[in-house]
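First comes the structure, then the notes that go with it.
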2 protein chains.
Amino acid sequence: MADLIEPKILKGFRDFLPEAEIDRRSLVERIEASFRSYGFVPIDTPVLEYAEILLGKGGGETEKQIYRFNDHGGRDVALRFDLTVPFARFLAEHRNELALPFKRYHIAKVWRGENTQRGRYREFTQCDFDIVGSDSVAADFEILLMMRNTLQAIGVGDVRIHVNHRGIFNRFLQRIRGSDKSVDILRTVDKLAKIGREATLDLLSEILDAPRAGEILSFIEPRENFEETLKAMTEAAGGENADSERMRRIYGFMKDTGTADSFFLNPSITRGLDYYTGLVYETFLNDLPDIGSVCSGGRYDDLAGLYSKEKLSGVGSSIGLDRLISALESLGRLRKQKSYADIAVACVREEDGGGYQVLADRLRKAGFPCEVLLEPKKMVQQYVLAEKKGARWLIIPGDPLRENDLGLRDLRSRETRENISLDEITTILKKEE
Amino acid sequence: MADLIEPKILKGFRDFLPEAEIDRRSLVERIEASFRSYGFVPIDTPVLEYAEILLGKGGGETEKQIYRFNDHGGRDVALRFDLTVPFARFLAEHRNELALPFKRYHIAKVWRGENTQRGRYREFTQCDFDIVGSDSVAADFEILLMMRNTLQAIGVGDVRIHVNHRGIFNRFLQRIRGSDKSVDILRTVDKLAKIGREATLDLLSEILDAPRAGEILSFIEPRENFEETLKAMTEAAGGENADSERMRRIYGFMKDTGTADSFFLNPSITRGLDYYTGLVYETFLNDLPDIGSVCSGGRYDDLAGLYSKEKLSGVGSSIGLDRLISALESLGRLRKQKSYADIAVACVREEDGGGYQVLADRLRKAGFPCEVLLEPKKMVQQYVLAEKKGARWLIIPGDPLRENDLGLRDLRSRETRENISLDEITTILKKEE
């Protein structure tokens, strides 16, 4: 029919069918429960903002990827491309309404008109959490601990969080008189895992010279354990200093909480972004390290500087939800649940529709989601439908409908029990939980 | 400083600070729990779609309000302005992946560049739920029952759901030979509550003539109860017919489930939208009727007609989340909770930061969200901070830190107990739940 509009979505965008959406929400719900247990609170900001706010002083890649247009009032607006910039604007705007240190999380969609090759999406979900307004070591450690415990709570298995301190790196660069090239050096070092030692050495030699390139490569090499690495870094940076002392304190907290095994001091971790000034980290799954970092971030000392004179320091992190879901998928750990309802009520007589809802409401009130089938089709068709919808059990009401005289079909074993009461069914459901 | 960018958001858009966001999420969580208990499943669709998909055959108001632009690839795209059109497209696209009847919900933001007067927003949240692929009376009734039970579960008090049947109205119009003017008549009748009887009569007289205007006004007048109204409507429509029979069946289900008191047959409810063909409804709060309908919808017989040859009938509804929150606010029923953590741990010695997290983790694992204060400020400042953050209790660790020798400050009564153990604290928290 020429009249029809072809139902299709934009490249890089996705529909989520129930099975995928239930898994996605279940993941978000477990992440949120963990954040909340640490006293972190949710905020939300608009999807659309002034382009000037989002682009700040402008930036190459971002500017090319951002969805930007003029609205009805001729305003230059854009869809947010991350949750950090809106958060910085939010802090500058609402500073007086917030008690510092402010611990917030924000889980929401962002948009980038990126090349969609390599499994990248143009619409994806970010999951950010920050502690703003505290310079304390305790804040750094809390973020690390929360990352570890949250990821372990959502079923991706054990994680290894690679940590580093930008300040120690900077001191080392100062000592070898490489500070003026620090941006180029950090970017190059960041590529180590991708391009390998040789290529990194070549690039660094071009930036500085061969001997200092060698020193850098030695600096970023982890030693046999956390303490040895920290010792080597500290020496290379010219001896004990506030940053190495801070790193030692964080390590002490790791030991005090029995979590040291989850952390790895890796001097090659730098995080490309300019605004990090202290601790930085990336998180890898022990069961699937090749997927890359699933949770990264660091400490910054002036988050809202574009919009406010007040310096707001803090420490934050971001979980890549889409990457986590890919990981769970690869590990076969997605539940692929089709519904929240394990039990359904069959439709025997249309005129008993009210009674079926009464029956179902009893189960719902007892905490068991229950779907009511709506059409009096052949019972075998109803078995198939209930199973397709993800139910394990199907109640087959009698004619006349009596709460103490029901049938219960186990859709897995394909056995049906007769003359069972609603109370007995509840007992069975409780046992299965 | 001339350098700073002013931190501001677009007119009609909103930031949600924690207190508001916690209330909003708590509302959504309760709504979702109710939907899920009926076997409804979530879906999600892209925020951005082809403009052609969203605008369909084009429509005056919508076309003016929609946020529409050309993306990087020159595609004509737009932000969704409701969740119904994307759902229709979703159904046409994924028909073969879904088991019908399909019961889905979708809670998400939509955008309309509306005039922002009268408390309207340009970014707001819709909460839609539908049963698609069933013509059954049971489907109509399930939507009504779920609306009632969901709204009662979220603390807005009792509701009154006004129901009507478009089919009976159409039969009546046919009888008085007014069918060719039905769109105008329905739109006029829809305004009754706003403009009053006299003005409605005048408008109807212009559309038809004075005697028939009078007949319409009599038709849309509710009688003393559901049955009497249905009887009068049926007679005016020319006697018993399939639609009046259906309405009677629905009324029977209301009585069978003991919910008839929540429903009101109101023949003046028509819902403006053209696609409704059967049952239609609007929901009012008994405690705050003037706020208008908080949940409306109806039955349609061809939802995805723009994109698919297959006729998909169904019944659906939409909760206006922003209006519900206004209502709860007016009724003083928002919790205005500042955090999920009722308890916090004070910071006595910086070097015990690891130990404080161990303490807090015990409480978190016992189900009590617990915030750790990060800086060793004066204790009275920590009292103030913990209170500001919404905690009721503050644990004051000793020096040295011992789990069996803690202080517990009740921030409400301002009393502090000494020498209390973590187990005793857990017992107190359990009692308070």
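The values are calculated or read from the model by the stated rules, or taken from the named source; none is laboratory data. Keep in mind it's a predicted model, so treat the numbers as computed, not measured. We place every Cβ from the backbone using ideal geometry, glycine too, and count neighbours over all the protein chains shown.
When residues of the stretch B:142-169 are filtered for being of a type in the set (D, E, K, R), more than 10 Å from chain A (Cβ to nearest Cβ) and closer than 22 Å to residue A:347 by Cβ, how many remain? Number satisfying all stated conditions: 1.
For the stretch A:45-64, which positions are among the hydrophobic types (A, V, I, L, M, F, W, C) and either within 19 Å of residue B:123 (Cβ to Cβ) or within 8 Å of chain B (Cβ to nearest Cβ) (or both)?
Those that are among the hydrophobic types (A, V, I, L, M, F, W, C) and either within 19 Å of residue B:123 (Cβ to Cβ) or within 8 Å of chain B (Cβ to nearest Cβ) (or both): A:47, A:48, A:51, A:53, A:54.
Out of the residues in the stretch B:192-206 meeting the condition of being farther than 20 Å from residue B:233 by Cβ and of a type outside the set (Asp, Glu), tell me which one is modelled with the lowest pLDDT.
Within the stretch B:192-206, the first condition is being farther than 20 Å from residue B:233 by Cβ, and the residues that meet it are B:194-196, B:198-199, B:202-203, B:205-206.
Next cut, of a type outside the set (Asp, Glu) only: B:194-196, B:199, B:203, B:205.
Details: B:194: 86, B:195: 91, B:196: 91, B:199: 94, B:203: 94, B:205: 95.
Here the residue is B:194.
Applying the condition of being part of a loop (DSSP other than H, G, I, E, B) and in contact with a strand residue (DSSP E or B) (Cβ under 6 Å, 6 or more places away or on another chain) to the stretch B:65-82 and asking which residue is nearest to residue B:127 (Cα to Cα) yields B:82.
Listed by first and then second residue, the pairs linking a residue in the stretch A:261-281 that is among the β-branched types (Val, Ile, Thr) to a residue that is part of a loop (DSSP other than H, G, I, E, B), with Cβ atoms under 7 Å apart and 6 or more places separating them unless they lie on different chains, are A:277/A:301; A:280/A:269; A:280/A:270; A:280/A:271.
Return yes or no: is residue B:67 more than 19 Å from the chain's Cα centre (by Cα) and in contact (Cβ under 8 Å) with a residue 12 or more places away in the chain?
On the way: more than 19 Å from the chain's Cα centre (by Cα): yes; in contact (Cβ under 8 Å) with a residue 12 or more places away in the chain: yes.
So residue B:67 passes the test.
Right, residue B:139: farther than 15 Å from residue B:303 by Cα and at the interface with chain A (Cβ under 7 Å from one of its Cβ atoms) or not? Spelling it out, residue B:139 is indeed farther than 15 Å from residue B:303 by Cα and at the interface with chain A (Cβ under 7 Å from one of its Cβ atoms).
Yes/no per residue for (1) of a type in the set (Phe, Trp, Tyr); (2) in contact (Cβ under 8 Å) with a residue 24 or more places away in the chain; (3) facing chain B (nearest Cβ under 10 Å):
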{"residue": "A:372", "(1), (2), (3)": "no, yes, yes"}
{"residue": "A:380", "(1), (2), (3)": "no, no, no"}
{"residue": "A:394", "(1), (2), (3)": "no, yes, no"}
{"residue": "A:405", "(1), (2), (3)": "no, no, no"}
{"residue": "A:408", "(1), (2), (3)": "no, no, no"}
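Out of everything in the stretch A:238-274 that is of a type in the set (Ser, Thr, Tyr) and away from chain B (no Cβ under 14 Å), what residue ends up being surrounded by the fewest Cβ atoms within 10 Å (Cβ to Cβ)?
At the first step, the residues of the stretch A:238-274 found to be of a type in the set (Ser, Thr, Tyr) are A:244, A:251, A:257, A:259, A:262, A:268, A:270.
Restricting the remaining residues to those that are away from chain B (no Cβ under 14 Å) gives A:244, A:268, A:270.
Values: A:244: 21, A:268: 19, A:270: 24.
Selected residue: A:268.
Within the stretch A:277-311, being at pLDDT below 95, out of contact with any Pro (no Cβ under 6 Å at 6 or more places or on another chain) and within 14 Å of chain B (Cβ to nearest Cβ) holds for A:302, A:303, A:304, A:305, A:306, A:308, A:309, A:310, A:311.
Which of the following residues is touching a Ser or Thr at 6+ places or on another chain (Cβ under 9 Å), more than 7 Å from every other protein chain (Cβ to nearest Cβ) and among the polar types (S, T, N, Q): B:337, B:357? Lay out the reasoning, then the answer.
Working: B:357 fails: more than 7 Å from every other protein chain (Cβ to nearest Cβ).
After applying the criteria, what remains is B:337.
Pairing residues of the stretch A:164-176 that are farther than 19 Å from residue A:228 by Cβ with residues that are modelled with pLDDT of 95 or more and assigned to a loop (DSSP other than H, G, I, E, B), at Cβ distances under 6 Å and at least 6 apart in sequence or on separate chains, gives A:175/A:238.
Please determine, by comparing only the residues of the stretch B:214-228 that are in a helix (DSSP H, G or I) and in contact (Cβ under 8 Å) with a residue 40 or more places away in the chain, which one is surrounded by the fewest Cβ atoms within 10 Å (Cβ to Cβ). Please lay out each step first, then the result.
From the stretch B:214-228, those in a helix (DSSP H, G or I) are B:214-219, B:226-228; that's our starting set.
Applying the additional criterion that residues be in contact (Cβ under 8 Å) with a residue 40 or more places away in the chain yields B:216, B:219.
Values: B:216: 27, B:219: 21.
The residue in question is B:219.
Against the test of being within 10 Å of chain B (Cβ to nearest Cβ), of a type outside the set (Phe, Trp, Tyr) and under 16 Å from the mean Cα position of the chain (by Cα), the options A:86, A:7, A:42 yield a single qualifying residue, A:42. Which residues, taken from the stretch B:389-400, are more than 20 Å from residue B:432 (Cα to Cα) and modelled with pLDDT of 95 or more? Within the stretch B:389-400, B:397, B:398 qualify. Return a yes/no flag: does the stretch A:321-333 have any residue that is within 30 Å of residue B:101 (Cα to Cα) and without any contact (Cβ under 8 Å) to a residue 12 or more places away in the chain. Taking every residue of the stretch A:321-333 in turn, at least one turns out to be within 30 Å of residue B:101 (Cα to Cα) and without any contact (Cβ under 8 Å) to a residue 12 or more places away in the chain. Scanning the stretch B:10-39 for residues that are more than 7 Å from every other protein chain (Cβ to nearest Cβ), free of Cβ contacts under 8 Å to residues at least 24 places away in the same chain and of a type in the set (D, E, K, R) yields a single hit, B:29.
When residue B:350 is tested against (1) under 16 Å from residue B:429 (Cα atoms); (2) of a type in the set (D, E, K, R); (3) over 35 Å from the mean Cα position of the chain (by Cα), just one condition goes unmet, and that condition is (1).
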